[in-house]
Each structure stands twice: as structure tokens, then as C-alpha cells.
Protein chains: 2
Amino acid sequence: MADRAAYIAIDWGTTNRRAYAMTREGAVLDSLHDERGVLALATDQYPAEIAALRERLGTYPVIAVGMVGSTRGWLEAPYIAAPATLESLADACAEAAPGVHIVPGVALRDGKRPDVMRGEEIQILGAIRAGTAPPTALFCQPGTHNKWIETVDGAITDFTTVMTGEVFALLRHHGVLAGMLDGPVADGAPFRRGLRRGIASHNVAASLFEVRAGVLLGWLAPDDAAAYASGILIGTDIGTREDLARRPVHVVGGGFLSALYAVAIREAGGMPVLVPDGSTTAGIHAIWSLRA
Amino acid sequence: MADRAAYIAIDWGTTNRRAYAMTREGAVLDSLHDERGVLALATDQYPAEIAALRERLGTYPVIAVGMVGSTRGWLEAPYIAAPATLESLADACAEAAPGVHIVPGVALRDGKRPDVMRGEEIQILGAIRAGTAPPTALFCQPGTHNKWIETVDGAITDFTTVMTGEVFALLRHHGVLAGMLDGPVADGAPFRRGLRRGIASHNVAASLFEVRAGVLLGWLAPDDAAAYASGILIGTDIGTREDLARRPVHVVGGGFLSALYAVAIREAGGMPVLVPDGSTTAGIHAIWSLRA
């Protein structure tokens with residue numbers, strides 16, 4: 001019966017959803033990916049969604065992570081406080097329906113600043129559980145919001161959310177830089193030039209105006225503006241971290257944004273180490289095993 | 001004939017326009033303010049606009065400043081390089097039509113970063129000419145884009161444009177903080193708390209996410225979020241200037257934003273000095289006198 005599923009794992013985010021039929025050994029037998037994220041669903045639609053997923057993947061228990069457990073999702077699974085481990089997350093799951101459990105997110109509550117995550121914790125702790133990252137490490141998880149996450153002995157102890165990608169998207173579509181940022185964003189001379197500018201500057205709202213002034217004055221080619229602006233934003237994020245020099249930074253995710261962050265981390269003196277995909281199912285499997 | 005106008009001064013911006021009937025002594029005899037800024041006008045509409053203004057204010061020569069001289073305006077008056085004085089601006093005016101001159105903007109071209117201004121230079125140099133600010137000074141000119149402007153002996157030598165107000169507006173209307181920033185923005189405990197956070201943080205895209213996390217975790221009252229976010233943005237801007245301690249900073253403009261910047265400058269150890277309104281007409285009058 002090694003080929004039979006034991007449960008369904010769901011990574012249920014804001015705009016996307018990935019569901020996996022999992023064996024009791026943690027192998028993925030089948031999966032699907034669609035855009036039925038929490039923004040596409042009303043609260044009362046979730047039971048039917050689960051029924052449809054079971055129709056497709058089998059009538060199994062469900063473990064779900066991500067924004068499905070937020071106030072905008074199906075059922076709020078209240079944040080647990082850092083330090084957070086797979087064990088403390090497994091203990092705090094919320095039962096949304098018979099056989100359907102939602103893993104909570106993690107919050108910084110008692111420090112001098114507040115922060116929250118929902119979904120990223122599973123990917124990080126899953127990577128540690130899978131052995132693709134060490135238990136005590138600094139992680140960088142690029143996306144619409146970049147997360148810097150510190151772990152000690154397999155517990156998430158501190159983290160910082162940076163709205164880098166969102167600010168880039170806002171500037172690209174609205175305001176005085178709109179129409180200037182539609183060129184390609186990739187590693188290369190304009191990106192590295194922006195990166196060095198961002199690392200040195202610390203005042204991102206000032207450096208970004210240089211994109212406009214630079215194009216107006218012929219100092220920056222219009223086609224280079226998007227990569228330069230991306231470099232400024234990522235460089236500012238990287239440049240304000242004082243703990244990167246000669247330090248391994250475990251960069252999660254295989255997309256182009258992770259590659260750009262790896263370039264940026266190296267530029268700032270750190271040592272980027274790419275964490276392979278597949279960590280989320282490893283993390284959910286650990287939760288399932290702990291609860292089984 | 002002291003009560004007769006000698007020329008028309010126009011402060012012609014992106015979304016607004018102010019026109020003044022000026023005496024040869026620089027007094028304002030009459031004025032109008034409307035929303036016929038350059039974004040509301042096509043290039044071929046300007047002659048009729050001038051005719052209508054002359055109908056209202058008298059058939060006089062015209063001196064115009066601001067975005068009317070940009071590539072989006074009537075006729076491009078190419079930027080002059082800093083250091084820029086009223087004399088060098090007067091020498092470089094562009095003639096858009098018989099008796100209608102447009103004052104150029106100022107650019108940083110040869111330094112390590114590019115920057116541009118159009119309109120602000122007249123207000124700053126006008127304040128110096130009117131005696132409401134010293135010839136060698138640091139100016140702060142809040143707005144959608146805050147400008148930091150340095151002058152030496154009545155010449156603009158350096159400046160920095162910071163997109164603080166624009167970033168606040170983008171976040172208020174779009175993205176993950178939209179709907180959280182509709183509360184009041186005024187000086188008070190939440191603004192000062194954000195200000196201290198911004199001055200200390202330098203990573204504005206990270207500090208801004210604290211607004212969302214703070215509201216979710218009950219660390220920040222929803223009504224305080226807008227003032228806190230404004231404090232973070234202004235604090236980050238102020239905090240990255242290393243030259244404020246015990247230094248007079250001449251804050252231009254009488255609005256609530258200038259009052260908030262004055263609070264911020266004081267928080268960072270500087271000495272804000274408010275520059276009264278009226279500087280633009282003083283600057284244009286100096287240009288007219290130099291050209292007469």
C-alpha cells in the first residue's frame with residue numbers, strides 16, 4: 001500500500017492554491033495548482049472546495065497552511081508567538097471542519113516591533129526538517145513581500161517582512177514612474193548599478209526619483225530603468241541588514257526574484273545558498289506526522 | 001502709475017496654476033488660482049490660455065515658471081546645471097510666444113546622481129531675494145515630492161528629491177495597506193511614534209509592514225495607522241540626512257505637511273525655521289527685473 005495516499009496537504013495562499021495527495025512517508029502522489037486562493041472565495045464556499053479536492057485527490061484528512069487561516073480566509077487560526085517550531089505549530093492547528101486542520105501563522109508580539117507571517121514558516125521549517133537547510137540559519141524568502149527569517153535550533157526566533165516587491169509593483173503601475181518601469185528586470189549592468197546605489201543610499205524614496213531624473217537627463221537608458229529601480233529596492237533592503245558579511249544566507253524559492261536576491265546578497269558580502277523547492281510539503285508532512 | 005501692472009507672473013504646475021498681475025515694484029495687484037495645470041492642457045491650447053489670462057489681468061508681458069516648461073508642457077525650457085542663480089535662470093529663459101518667457105528648471109548633471117527640479121528653484125531663490133531666508137542655507141520643501149535644497153551665497157548648489165508623499169498616496173490607495181490608511185494624519189502620539197521608528201529604521205519598506213502587522217496584532221489602533229505610517233515615511237526621509245544636528249532648516253510652505261516636517265526636523269536635532277509664503281512671486285519678480 002506504499003502507493004496509497006494518507007492525507008491531502010494544501011498550500012492555500014492569497015491568490016493561488018496548491019494541493020497534494022501525500023503518502024504516510026511524505027511522498028507526493030498527485031497534485032494540482034489553481035488560482036482559487038482566499039481572495040477568490042467566500043467563507044461559505046470552503047466546504048464545497050474541500051469536497052471537490054477530495055473528489056479529485058481522494059477522501060482523506062486535510063492539512064492546510066497559509067492565508068486560508070487568516071481573517072480573510074476560512075477560519076482564523078490565531079498566530080502563535082515566536083519562537084515557533086513544527087511542534088508548537090502542530091499543537092495550535094485549528095479544526096475548520098471534520099478532518100480538516102489549518103496550521104496557524106507566527107507573530108512577533110513582545111519585541112519592539114510587530115510582524116506576522118502565514119505560510120512562510122512551513123516552508124522554512126520544512127527545509128530544515130528535510131535537511132536542505134541547517135537548524136540555525138538566516139533565510140531570505142523573496143516575493144511580493146520579502147521575508148528575512150532567523151532560526152535557532154529549528155525554531156523561528158525572529159523575522160522581518162519587507163514590502164520590496166509590492167512597492168515596485170505600485171511604482172510600476174501608478175504615479176510619476178508609471179510607464180518608465182515596463183522594461184526587463186534581470187541581472188545585468190543596470191540591475192547591479194541600482195543595487196550598489198540602493199546598498200549605499202538607505203533613502204529609497206530619494207534614490208527612486210533618480211530613475212525619473214536619470215531618464216530625463218539621459219543618464220539612464222529608458223530600457224534599463226526597470227532593472228535599475230529593482231536594483232535600488234533590493235539593494236536598499238539588503239543594505240540595511242548589518243549581519244550579512246561572510247554569512248551564509250539561505251535563499252528560498254527557485255524563481256528569478258530569488259536569483260536577483262542571491263546576486264544582491266553576494267554584492268553585500270554575504271554567501272547566498274539556494275534552498276531547493278519542495279520544502280512546503282516537507283513542512284506539512286512534519287505537521288501531519290506530529291499530529292498522527 | 002504705481003497701481004498699474006507691468007507684467008503677468010504665472011506659477012504653472014502639473015495640476016494647478018496661479019497667475020498674478022504684478023507691478024514694476026513687485027507688488028501683486030490681482031491674482032487667480034485654477035486647476036488648468038499642464039496635465040489639463042494640450043500644447044496647442046496655450047496661446048488661447050495666455051489670451052484669456054491677459055483678458056482677465058491685462059495685456060502685459062508674461063513670465064511663467066514650473067512644469068509649463070517641461071516636455072509635458074508648452075515649450076521645453078531646458079534645465080540649467082547647478083549651481084543655479086536667479087541671474088543664470090533669467091539668462092536661460094525660453095520664449096514660447098511674443099512677450100511670453102518660460103523660466104527653466106535646474107538639474108544635477110555632473111555629480112554621482114541625477115536630479116531635477118522645475119518651479120521649486122524660484123520659490124527658494126525668491127525667499128532669499130525677499131530676505132525671508134539667508135543666502136547660504138538648507139531648505140526643506142515638502143509636497144508630493146519633498147525637496148531638500150542647499151544654497152551657497154544665493155546659488156542652488158545641491159538638492160535631493162524624495163518621493164515621500166507619493167509613496168504614502170500609493171500605499172493609501174493600492175496594495176496590502178489600502179483601507180488601513182484612511183484615518184487622520186496630524187501631529188500627535190502616533191505620528192511621533194512612527195517618526196522615531198522611521199528615523200531609527202532606514203528600511204522603510206520593512207517598517208511600513210509594521211503598520212499592517214501592528215493593526216492585526218492590536219499593537220496599533222486602526223485610527224492611528226495613517227499618522228503612524230506618515231511618521232515612518234517622514235522619519236525615514238529625515239533620518240537619512242546626517243547634516244541636521246543643531247542646524248537651521250528653512251521649511252518652505254505653510255501647509256500641514258510643512259508643520260509635520262518641522263516636527264520631524266526638531267525630533268532629529270535640527271532647528272526648523274518656517275519660510276513664509278509669497279516667495280514665488282518674489283523670485284519671478286527678480287527674473288523680470290533682471291530681464292527688463
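Confirm whether A:Val152 is modelled with pLDDT under 95 and not charged (D, E, K, R).
Here the answer is no, as A:Val152 does not meet what is asked.
Does the range B:268-278 contain at least one residue that is β-branched (Val, Ile, Thr), open to solvent by less than 40 Å² (accessible area, probe 1.4 Å) and under 14 Å from B:Glu120 (Cα atoms)?
Here is the first cut: in the range B:268-278, the residues β-branched (Val, Ile, Thr) are B:273, B:275.
Filter once more, keeping what is open to solvent by less than 40 Å² (accessible area, probe 1.4 Å): B:275.
This time we only want the ones that are under 14 Å from B:Glu120 (Cα atoms), so: B:275.
Yes: the range B:268-278 contains one or more residues that are β-branched (Val, Ile, Thr), open to solvent by less than 40 Å² (accessible area, probe 1.4 Å) and under 14 Å from B:Glu120 (Cα atoms).
Filter the range B:217-226 down to residues that are at the interface with another protein chain (Cβ under 10 Å from one of its Cβ atoms) and out of contact with any helix residue (DSSP H, G or I) (no Cβ under 7 Å at 6 or more places or on another chain) and give me whichever is surrounded by the fewest Cβ atoms within 10 Å (Cβ to Cβ).
Applying the filter and picking the extreme gives B:Gly218.
Could you pull out the residue among A:Leu257, A:Leu216 that is among the aliphatic types (A, V, I, L, M) and farther than 20 Å from A:Ala133 by Cα?
Working: A:Leu257 fails: farther than 20 Å from A:Ala133 by Cα.
It is A:Leu216.
Taking the residues in the range A:234-256 that are open to solvent by 10 Å² or more (accessible area, probe 1.4 Å) and either among the acidic types (Asp, Glu) or assigned to a helix (DSSP H, G or I) (or both) as candidates, determine which candidate is nearest to A:Phe191 (Cα to Cα). Don't jump to the end; show me each part of the working.
Within the range A:234-256, the subset open to solvent by 10 Å² or more (accessible area, probe 1.4 Å) is A:239-243, A:245-248, A:250, A:253-256.
If we keep only those that are either among the acidic types (Asp, Glu) or assigned to a helix (DSSP H, G or I) (or both) too, we end up with A:239, A:242-243, A:256.
Details: A:Gly239: 15, A:Glu242: 21, A:Asp243: 23, A:Phe256: 13 Å.
My answer is A:Phe256.
Here are the criteria: (1) closer than 18 Å to B:Val103 by Cβ; (2) modelled with pLDDT under 95. Tell me which single one B:Met22 does not satisfy.
B:Met22 satisfies all of (1) closer than 18 Å to B:Val103 by Cβ; (2) modelled with pLDDT under 95 except (2).
B:Gly214: over 28 Å from A:Val176 (Cβ atoms) and within 11 Å of chain A (Cβ to nearest Cβ), yes or no?
yes
Please go through the range A:194-211 and pick out each residue that is in a helix (DSSP H, G or I), open to solvent by 30 Å² or more (accessible area, probe 1.4 Å) and at the interface with another protein chain (Cβ under 8 Å from one of its Cβ atoms).
Across the range A:194-211, the qualifying residue is only A:Arg197.
Run down B:Arg36, B:Arg17 and say which single residue is under 18 Å from B:Val103 (Cβ atoms) and charged (D, E, K, R).
Values: B:Arg36 fails: under 18 Å from B:Val103 (Cβ atoms).
From the options B:Arg36, B:Arg17, the qualifying one is B:Arg17.
I need every pair where a residue in the range B:227-249 that is more than 10 Å from chain A (Cβ to nearest Cβ) has its Cβ under 6 Å from the Cβ of a residue that is part of a helix (DSSP H, G or I) and hydroxyl-bearing (Ser, Thr, Tyr), sequence separation at least 6 or different chains.
Qualifying pairs under 6 Å: B:Ile232/B:Ser207.
Which one of the conditions (1) away from every other protein chain (no Cβ under 11 Å); (2) under 14 Å from the mean Cα position of the chain (by Cα) does B:Arg129 fail to meet, given that it meets all the rest?
That leaves (2) as the condition not met.
I'm trying to understand the selection: among the residues of the range A:57-72, which are in contact with a Lys or Arg (Cβ under 9 Å, 6 or more places away or on another chain) and either over 13 Å from A:Tyr7 (Cβ atoms) or among the β-branched types (Val, Ile, Thr) (or both)?
Across the range A:57-72, the qualifying residues are A:Val62, A:Ile63, A:Val65, A:Gly66, A:Met67, A:Val68, A:Gly69, A:Ser70.
Just one of (1) part of a helix (DSSP H, G or I); (2) touching a strand residue (DSSP E or B) at 6+ places or on another chain (Cβ under 6 Å); (3) buried (at least 22 other Cβ atoms within 10 Å of the Cβ) trips up B:Ala264, so point out which.
(2)
Those residues that are touching a His at 6+ places or on another chain (Cβ under 9 Å) and polar (S, T, N, Q), I need them from the range A:189-203; list them, please.
A:Asn203
Could you go through the range A:77-90 and let me know if any residue there is at pLDDT below 95, of a type in the set (Ser, Thr, Tyr) and within 30 Å of A:Ala42 (Cα to Cα).
no
Going by what's in this entry, would A:Ile128 be described as within 21 Å of A:Thr281 (Cβ to Cβ), assigned to a helix (DSSP H, G or I) and open to solvent by 10 Å² or more (accessible area, probe 1.4 Å)?
Values: within 21 Å of A:Thr281 (Cβ to Cβ): yes; assigned to a helix (DSSP H, G or I): yes; open to solvent by 10 Å² or more (accessible area, probe 1.4 Å): yes.
Judged against the criteria, A:Ile128 is a match.
How about the range B:89-113: which of its residues are within 18 Å of the chain's Cα centre (by Cα) and not aliphatic (A, V, I, L, M)?
B:Pro104, B:Gly105
Could you please find all residues in the range A:133-190 being surrounded by 18 or more Cβ atoms within 10 Å (Cβ to Cβ), at the interface with another protein chain (Cβ under 10 Å from one of its Cβ atoms), assigned to a loop (DSSP other than H, G, I, E, B) and within 20 Å of the chain's Cα centre (by Cα)?
Listed by number, the residues that qualify are A:His145, A:Met163.
Any residue in the range B:57-68 that is open to solvent by less than 40 Å² (accessible area, probe 1.4 Å), without any contact (Cβ under 8 Å) to a residue 24 or more places away in the chain and either closer than 24 Å to B:Ala155 by Cα or hydrophobic (A, V, I, L, M, F, W, C) (or both)?
No, the range B:57-68 contains no residue that is open to solvent by less than 40 Å² (accessible area, probe 1.4 Å), without any contact (Cβ under 8 Å) to a residue 24 or more places away in the chain and either closer than 24 Å to B:Ala155 by Cα or hydrophobic (A, V, I, L, M, F, W, C) (or both).
Name every residue in the range A:100-138 that is among the acidic types (Asp, Glu) and under 18 Å from A:Gly154 (Cα atoms), in order of residue number.
The answer is A:Glu120, A:Glu121.
For the range A:90-104, enumerate the residues that are open to solvent by 10 Å² or more (accessible area, probe 1.4 Å) and in contact with a strand residue (DSSP E or B) (Cβ under 9 Å, 6 or more places away or on another chain).
Hits for the range A:90-104 are A:Asp91, A:Ala92, A:Cys93, A:Ala94, A:Glu95, A:Ala96, A:Ala97, A:Gly99, A:His101.
Specify the residue that is nearest to B:Ala213 (Cα to Cα); the eligible residues are those in the range A:93-121 that are of a type in the set (Val, Ile, Thr) and touching an Asp or Glu at 6+ places or on another chain (Cβ under 9 Å).
A:Val106
I'd like to verify a number: residues in the range B:3-27 that are over 13 Å from B:Ile63 (Cβ atoms) and open to solvent by less than 70 Å² (accessible area, probe 1.4 Å), how many?
Residues in the range B:3-27 being over 13 Å from B:Ile63 (Cβ atoms) and open to solvent by less than 70 Å² (accessible area, probe 1.4 Å): 6 in total.
Restricting to the range B:105-125, and then to whatever is among the basic types (Lys, Arg) and without any contact (Cβ under 8 Å) to a residue 12 or more places away in the chain, can you tell me which residue is surrounded by the fewest Cβ atoms within 10 Å (Cβ to Cβ)?
So the residue we want is B:Lys112.
Quickly run through the range B:250-272 and pick out the residues that are free of Cβ contacts under 8 Å to residues at least 60 places away in the same chain and of a type in the set (A, V, I, L, M).
Residues satisfying the conditions are B:Ala262, B:Met271.
The values are calculated or read from the model by the stated rules, or taken from the named source; none is laboratory data. Here the structure is a predicted model, which means the values were calculated and not measured. Every residue, glycine as well, gets a Cβ built from its backbone with ideal geometry; the counts of neighbours run over all protein chains shown. Heads up: the accessible areas ignore ligands, DNA and RNA and are worked out on the full protein's heavy atoms, side chains in. Shrake-Rupley method; radii C 1.70, N 1.55, O 1.52, S 1.80 Å.
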